[in-house]
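For reference, the structure discussed in these notes is given below.
The values are calculated or read from the model by the stated rules, or taken from the named source; none is laboratory data. Nothing here was measured: the structure is a model prediction, and the numbers come from that model. Cβ: placed from backbone, ideal geometry, glycine included. Neighbour counts: every protein chain shown.
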Amino acid sequence: MIVYCATSNPGKLREFQLAAPDFDVRALPKSVRPPEEHGDTFEANAIEKALAYGHHTEGYLFADDSGLEVDALDGAPGVHSARYAGDHATDVGNNTLLLDRLQGIHNRTARFVCVIALMLDGKLVKTFRGVVEGHIINEARGSRGFGYDPLFYCPAFGCTFGEATIEQKMQVSHRGLALSDMFTYLRNISST
């Protein structure tokens, strides 16, 4: 089954394809411009993106919104995770700002959250949510992954997402859990 994903992030696309090797997960053409995100929740942004991208293809399409919530920062960076350090922020800039804001704070509990909105022929079918708990360490460790991965320590396998293999990460990550639920749903409806 072909399923289109609405992302321009190569790291996310790799994870999407790895999550379901029995599906043909394809990115939309690069000419499709991403919509601005106006939602104040991951779910609102995922649905907004899915609706905006949905008219570019027939069949199934999904869009996700994901990010990091840090308890000591009242859930920030949250839906602003990708642009925490500004509209043209880089991973390094976002990570530096996060560590600056956590200076002197001992409670660094955090979670990654992902919400996926699944569309069929331009209509919302269902949303799927994945969450993984961890905490923010004092300095980046590992060169794998992207975004906040090198700062996010995951107790499930005793290292940061930046140190974990993509296969390890997909077993417990927010995106891996949401994708697993979505692909299970698609397998179930395609077998009926």
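When restricted to residues that are crowded, with 18+ Cβ neighbours inside 10 Å and either without any contact (Cβ under 8 Å) to a residue 40 or more places away in the chain or over 20 Å from Phe146 (Cα atoms) (or both), the stretch 1-19 contains 2.
For the stretch 83-117, the set of residues classified as out of contact with any Ser or Thr (no Cβ under 7 Å at 6 or more places or on another chain), crowded, with 20+ Cβ neighbours inside 10 Å and assigned to a strand (DSSP E or B) consists of Ala110 only. Report, by residue number, each residue of the stretch 7-36 that is assigned to a loop (DSSP other than H, G, I, E, B), among the aliphatic types (A, V, I, L, M) and in contact with a strand residue (DSSP E or B) (Cβ under 9 Å, 6 or more places away or on another chain). Listed by number, the residues that qualify are Ala20, Leu28.
Which of the residues spanning the stretch 15-49 are among the polar types (S, T, N, Q) and over 30 Å from Gly75 (Cα atoms)? Write out each step before concluding.
The initial filter retains those residues of the stretch 15-49 that are among the polar types (S, T, N, Q), namely 17, 31, 41, 45.
Result: Ser31, single match.
Output yes when any residue across the stretch 67-80 is at pLDDT below 95 and either of a type in the set (Gly, Ala, Ser) or part of a strand (DSSP E or B) (or both), and no when none is. For the stretch 67-80, residues at pLDDT below 95 and either of a type in the set (Gly, Ala, Ser) or part of a strand (DSSP E or B) (or both): absent. The number of residues in the stretch 37-46 that are touching a strand residue (DSSP E or B) at 6+ places or on another chain (Cβ under 6 Å) and under 21 Å from Phe146 (Cβ atoms) comes to 3.
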